[in-house]
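Structure record follows, encoded as structure tokens.
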Amino acid sequence: KAGVTQTPRYLIKTRGQQVTLSCSPISGHRSVSWYQQTPGQGLQFLFEYFSETQRNKGNFPGRFSGRQFSNSRSEMNVSTLELGDSALYLCASRATGTDIEAFFGQGTRLTVV
Amino acid sequence: AQSVTQPDIHITVSEGASLELRCNYSYGATPYLFWYVQSPGQGLQLLLKYFSGDTLVQGIKGFEAEFKRSQSSFNLRKPSVHWSDAAEYFCAVGAWENQGGKLIFGQGTELSVKP
């Protein structure tokens, strides 16, 4: 069974631009969560989607948004990029809305210049 | 507030030596606990998990962890470290809020292995 797939793996963007990251969960999994990883703040929860609905959101500004499609694939969008948004963005897949065990993708490395 | 503390930022052990990585959590209810490993530039791989039952859990790659409720700890151990174990290790607690679930991670412990 294929794992969690994140695309692209690497991105370089300019301050002020916007970016969209994609995540395809494990086949049959319905919950997708996003995490930001930086050297200073570590791993922080961004949001979780289940059945196309955002169920939980972390403490991030409104520039960070996401959505989930009917096939459970998810996208994350960051608008008006800032240098501090440079990070590894990780997507995690869970089988159901009540499972807590999460499986992670390889991440998208975003660099803002 | 829910939190996870990994007291050791960096640990160096010799190949073949035993390893123990410390993790302390703060969580009001019965915790769901995890250890993940991350190689440079890669995602997180689940090593093991604790939900309930036997407090000593076995994971992949020869790792085990022991849940001690009285100490709010979930320490990771390996009897004999291999050079390929060099990586960053994260302890996490699963938390439910707003009808959704999330993982709360510790800051990580970087493991170096000396030949």
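Quick one: what do you get for segment A:1-63 if you divide its Cα Rg by 2.2 N^0.38 Å?
Working: Rg = 13.3 Å, N = 63, 2.2 N^0.38 = 10.6 Å.
Normalised Cα radius of gyration, segment A:1-63: 1.25.
Given that compact globular proteins tend to follow 2.2 N^0.38 Å, what is the ratio of the alpha-carbon Rg of segment A:50-112 to that value?
Working: Rg = 12.8 Å, N = 63, 2.2 N^0.38 = 10.6 Å.
Cα-based Rg divided by the globular estimate yields 1.20.
Rounded if a/c is under 1.5, else prolate if a/b beats b/c, else oblate: with a ≥ b ≥ c from the C-alpha gyration tensor eigenvalues square-rooted, which is the protein assembly as shown? The partial results should precede the final answer.
Details: a/c = 1.84, a/b = 1.41, b/c = 1.30.
The shape class here is prolate.
Measuring from centroid to centroid over Cα atoms, what is the spacing of segment B:10-46 and segment B:82-104 in Å?
Going from one Cα centre to the other spans 8 Å.
Using 26 Å as the Cα-Cα cut-off, could you pick out the over-long pairs in B:78/B:114; A:13/B:61; A:13/B:102; B:68/B:114?
Numbers: B:78/B:114 15 Å; A:13/B:61 38 Å; A:13/B:102 28 Å; B:68/B:114 30 Å.
Beyond 26 Å: A:13/B:61; A:13/B:102; B:68/B:114.
Quote the relative contact order of chain B in percent (integer), defining contacts as alpha-carbon pairs under 8 Å separated by 6+ residues.
Numbers: 282 pairs, mean separation 42.3, N = 115.
Rounded, it is 37 percent for chain B.
Hand me the trypsin sites (Lys or Arg not before Pro) from segment A:1-35 located in a DSSP loop with no more than 16 other Cβ atoms within 10 Å, in residue order please. Write out the running numbers ahead of the final one.
On the way: sites: A:1, A:9, A:13, A:15, A:30; in loops: A:1, A:9, A:15, A:30.
Passing sites in segment A:1-35 are A:1, A:9, A:15.
Under a Cβ-only charge scheme (Lys and Arg +1, Asp and Glu -1), can you give me the dipole magnitude of chain A about the Cα centre, in debye to the nearest 20? Display every interim value, and only then the final one.
Working: 12 positive and 7 negative charges, 36 e Å.
Computed charge dipole of chain A: roughly 180 debye.
Hey, how many Å between the Cα centroid of segment A:1-34 and the Cα centroid of segment A:53-90?
10 Å
Could you give each residue of segment B:77-90 its phi-based ³J(HN,Hα) in whole Hz, using Karplus coefficients 6.51, -1.76, 1.60 with θ = phi - 60°, and x for Gly or Pro?
Each residue of segment B:77-90 in turn: 9, 8, x, 8, 7, 10, 4, 6, 7, 4, 4, 10, 10, 10 Hz.
To the nearest µm²/s, what D does Stokes-Einstein give for chain A at 20 °C and 1.002 mPa s, using the Kirkwood radius over alpha carbon pairs as Rh? Intermediate values should be presented prior to the final figure.
On the way: Rh = 13.9 Å.
The diffusion coefficient I find is 155 µm²/s.
Could you give me D for segment B:17-115, from Stokes-Einstein at 25 °C and 0.890 mPa s, where the hydrodynamic radius is the Kirkwood radius over C-alpha pairs? Units µm² s⁻¹, please. Before the final figure, lay out each step's value.
On the way: Rh = 14.0 Å.
My calculation gives 176 µm²/s for D.
Every read-out reported here was derived from the displayed coordinates using simple, explicitly stated rules and does not represent laboratory data. As the structure is a computational prediction, the values presented were derived from the model and not from experiment. Note that we place each Cβ from the backbone using ideal geometry, even for glycine, and neighbour counts take in every protein chain shown.
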